[in-house]
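Here the structure comes first, spelled out in structure tokens, and everything after it is commentary.
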Amino acid sequence: MRKWNPLCQFSFPYHVPGGWRCGIRRYRPFDTPFVTPPVVLGISAFYHDSAACLVRGGEVVAAAQEERFSRVKGDSSFPARAAAWCLEYADLRADELDAVAYYEKPLLRFDRIVETFLARAPRGLASFRHGGPRWTRERLRIPQIIREGLGGYAGPLLFAEHHESHAASAFLPSPFEEAAILTLDGVGEWATATIGVGWGGDVEILRELHWPDSLGLLYSACTYHCGFAVNSGEYKLMGLAPYGSPRFVDTLLREVVTLRDDGSFRLNQRCFNYLDGLTMTSRRFDDLFGGPPREADAPVTTREMDLARSVQVVAEEIVLRMARTAQAITGANTLCLAGGVALNAVANGRVAREGPFERLWIQPAAGDAGGAVGAALLAAHRGLGVPRVAAANDGMSGALLGPEWSTNQLGEALHRLGAFAERLDDAALIACCADALAAGGAVGWFDGRMEFGPRALGARSILADPRDAMMPRTLNQKVKFREGFRPFAPSVLGERAGEFFELTDESPYMLVVAPLREAQRRVPPSLGKDAGSSDRLTQARSTVPAVTHLDYTARVQTVTPARSPRFHALLTAFESRTGIPMLINTSFNVRGEPIVCTPEDAYACFMQTGLDLLAMPPFVLRKVAQPHHDDAARWHRPMGRD
């Protein structure tokens, strides 16, 4: 067995309240050079969005989330299926791995939970009784669970700190030789945000913000108060924000958040209940913001819209201040972002436009799933001494790191399903889809390797015409089965993006919101005071109204032939028919379900929704040609909940 070393030993003042903390981490150098490229499996699990990632010789080879295989949205269980697929893809057995790396340190997290309970006792008894047994039954046995889940794996098992994993996932796959790093989420072991620096093949954490002061938890608390699910509904809150007024900003900054110039802050815990109870907000929060949390099935009111807008404004200000502090501390001119808050594309857009950095790179799986990538890369570069070479674009392969199916496998699956499919060459398939899209059809697009992370990027996507102002209503009601206020994003030819959007750089992972250029904007007609959010969403306020937010912005994905050749060709074909070099691109799923993974998932979603066409190159399936396509009872799908 090759010699190995633990990832790090830490020396950090974990229990000093308030502000950024400084600390020192000491690392042992690797012991033995490797003759063959080391192979590491990274694991994130047991909180939400469990995932596995395989790294060979410092290269991310495969990565997938457990939810795509289990079909349980946000699945937090041990990623047995995802790990098995990663090993199968690389033609490896678990006993051939050089190391397995886990994305956090369970004992440190348990230390925080116990210390929080003791500090708040007896008030936190209900919360501790709810979570304590699970810790003793499951999470304190994580090393054993990992080994058993990998079929009795007996090799080295390495543990990184949660935010180190985020930092590593942000910097190590980035295209930068060195960069500042900013990570923000709910909480890891103790840290809720960090400022660090990356150079060569390593990262160093320079500052930490600690529990219970957390931007992620503040945003989740407002998500909860607006009636959406915590850890999955935050993107809904971001989508709701443009409909509201920032009338609660002063209340938030006066009563809830004490914000400092350097971006650090304190949360007034009297407004929250996550330390003591099983809810996010307290009665004091109710009093400040107009009543108790909205019931999940109740109509969304002006109050929820205004709270969403207000916390979004506060979040953007915090992220901007933290970014400026990161630049001041590190002196770097590039920034890498990760952690769940880094999925807030509106805040990312402001950092890109207003921050002090020349370039920005964001981990496409910025949430906990990406922790598997960070842990694996940290183990490879720091733990096993693999040299790092910064990739020209980045090391995430366009986030296309999941399973794919050969033509024979697709054909066999469609035969088993009893589906009727036409087999076309590439040019004919692209022409068929472009014609359908230009005619107002909705197309399911299932092509190549599945995306890793929450965004559909042209591999498991639903596509439609962005020129149609009514298309968002159609997609929300008849395809996605979700709330009418939910916006849609554009995928645009990279070489044409600058004609439509004010972008400072490419945006391959749909993680930056950018303003539309003035030449593309239109003044919509006035609506009455009783107009709802859906009416406002369907106003023609630009040349591409279906992807234009109320504030004349859009969450943009730029597409290049190097990353996605067939998707780029489809966009080009649509442009030749319409003059518009973009399409609506939303994830290939319905509300409450993960993005489709297999051909069977894609066909079921196709038949259960209002999609007109399903493209699975080299096959095209038309809804009207499918058996039982007109049997509403067979295929009807009610709106789900998530």
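The values are calculated or read from the model by the stated rules, or taken from the named source; none is laboratory data. Values in this document were obtained by computation on a predicted structure and should not be read as measured data. Cβ placement follows ideal geometry from the backbone for every residue including glycine, while neighbour counts extend to all protein chains displayed.
Does the range 278-292 hold any residues that are in contact with a His (Cβ under 9 Å, 6 or more places away or on another chain), assigned to a loop (DSSP other than H, G, I, E, B) and within 29 Å of residue 115 (Cα to Cα), and which are they? Once the filter is applied, which keeps residues that are in contact with a His (Cβ under 9 Å, 6 or more places away or on another chain), assigned to a loop (DSSP other than H, G, I, E, B) and within 29 Å of residue 115 (Cα to Cα), the range 278-292 yields 278, 280. It is to be established whether one or more residues within the range 465-480 are part of a strand (DSSP E or B) and closer than 25 Å to residue 426 by Cβ. No, because not a single residue in the range 465-480 is part of a strand (DSSP E or B) and closer than 25 Å to residue 426 by Cβ. Of all residues in the range 298-308, how many are in a loop (DSSP other than H, G, I, E, B) and either over 21 Å from residue 232 (Cβ atoms) or in contact (Cβ under 8 Å) with a residue 60 or more places away in the chain (or both)? Of the residues in the range 298-308, 3 are in a loop (DSSP other than H, G, I, E, B) and either over 21 Å from residue 232 (Cβ atoms) or in contact (Cβ under 8 Å) with a residue 60 or more places away in the chain (or both). Residues in the range 590-627 that are free of Cβ contacts under 8 Å to residues at least 40 places away in the same chain and over 21 Å from residue 423 (Cα atoms): 1 in all. Within the range 373-396, the set of residues being among the hydrophobic types (A, V, I, L, M, F, W, C) and touching a Gly at 6+ places or on another chain (Cβ under 8 Å) comprises 373, 375, 376, 377, 379, 380, 386, 389.
Any residue in the range 55-75 that is aromatic (Phe, Trp, Tyr), at pLDDT 95 or above, within 26 Å of residue 599 (Cβ to Cβ) and in contact with a Cys (Cβ under 7 Å, 6 or more places away or on another chain)? Scanning the range 55-75 turns up at least one residue that is aromatic (Phe, Trp, Tyr), at pLDDT 95 or above, within 26 Å of residue 599 (Cβ to Cβ) and in contact with a Cys (Cβ under 7 Å, 6 or more places away or on another chain). Only a single criterion out of (1) modelled with pLDDT under 95; (2) in contact with a helix residue (DSSP H, G or I) (Cβ under 9 Å, 6 or more places away or on another chain); (3) farther than 23 Å from residue 364 by Cβ; (4) not polar (S, T, N, Q) is not satisfied by residue 505, namely (3).
All told, residue 503 meets the bar of being part of a loop (DSSP other than H, G, I, E, B) and not polar (S, T, N, Q). Kindly check whether there is at least one residue in the range 241-259 that is in contact (Cβ under 8 Å) with a residue 60 or more places away in the chain and closer than 30 Å to residue 60 by Cβ. No: the range 241-259 contains no residue that is in contact (Cβ under 8 Å) with a residue 60 or more places away in the chain and closer than 30 Å to residue 60 by Cβ.
This table checks each residue for (1) within 18 Å of residue 592 (Cα to Cα); (2) touching a residue at least 40 places away in the same chain (Cβ under 8 Å); (3) in contact with a helix residue (DSSP H, G or I) (Cβ under 6 Å, 6 or more places away or on another chain).
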site: 438; (1), (2), (3): no, yes, yes
site: 445; (1), (2), (3): no, yes, no
site: 455; (1), (2), (3): yes, yes, no
site: 458; (1), (2), (3): no, yes, yes
site: 461; (1), (2), (3): yes, yes, no
site: 466; (1), (2), (3): no, yes, yes
site: 483; (1), (2), (3): yes, yes, no
site: 486; (1), (2), (3): yes, yes, yes
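Annotation: of all residues in the range 260-272 being charged (D, E, K, R) and in contact (Cβ under 8 Å) with a residue 60 or more places away in the chain, the one that is farthest from residue 321 (Cα to Cα) is 266.
Among the residues of the range 267-274, are any closer than 25 Å to residue 74 by Cα, in contact with a Leu (Cβ under 9 Å, 6 or more places away or on another chain) and assigned by TED's automatic domain parsing to the domain that holds residue 355? Yes, the conditions are met somewhere in the range 267-274. Of all positions in the range 123-136, none carries a residue that is modelled with pLDDT of 85 or more and either at negative phi or touching a strand residue (DSSP E or B) at 6+ places or on another chain (Cβ under 8 Å) (or both). When residue 395 is tested against the conditions (1) under 24 Å from residue 591 (Cα atoms); (2) under 22 Å from the mean Cα position of the chain (by Cα); (3) assigned to a loop (DSSP other than H, G, I, E, B); (4) not acidic (Asp, Glu), the lone failure is (1). Among the conditions (1) crowded, with 22+ Cβ neighbours inside 10 Å; (2) assigned to a loop (DSSP other than H, G, I, E, B); (3) out of contact with any Lys or Arg (no Cβ under 9 Å at 6 or more places or on another chain), the only one that residue 230 does not satisfy is (1). Filter the range 433-462 down to the residues that are within 15 Å of residue 546 (Cβ to Cβ), within 27 Å of the chain's Cα centre (by Cα) and assigned to a loop (DSSP other than H, G, I, E, B) and list them by number. Correct list: 442 only. Any chance the range 154-172 includes a residue that's more than 22 Å from residue 399 (Cβ to Cβ), small (Gly, Ala, Ser) and either in contact (Cβ under 8 Å) with a residue 12 or more places away in the chain or out of contact with any Gly (no Cβ under 7 Å at 6 or more places or on another chain) (or both)? The answer is yes; a qualifying residue exists.
Among the residues of the range 420-432, those identified as touching a residue at least 12 places away in the same chain (Cβ under 8 Å), surrounded by fewer than 20 Cβ atoms within 10 Å (Cβ to Cβ) and not in a strand (DSSP E or B) are 420, 424, 425, 426, 431, 432.
Provide a single number: the residues in the range 458-500 that are aromatic (Phe, Trp, Tyr) and touching a strand residue (DSSP E or B) at 6+ places or on another chain (Cβ under 6 Å). The number of residues fulfilling the criteria is 1. Just one of the listed residues (455, 522, 467) is modelled with pLDDT under 95, at negative phi and of a type in the set (D, E, K, R), namely 522. Of all the listed residues (389, 311), the sole one being touching a residue at least 24 places away in the same chain (Cβ under 8 Å) and not assigned by TED's automatic domain parsing to the domain that holds residue 166 is 311.
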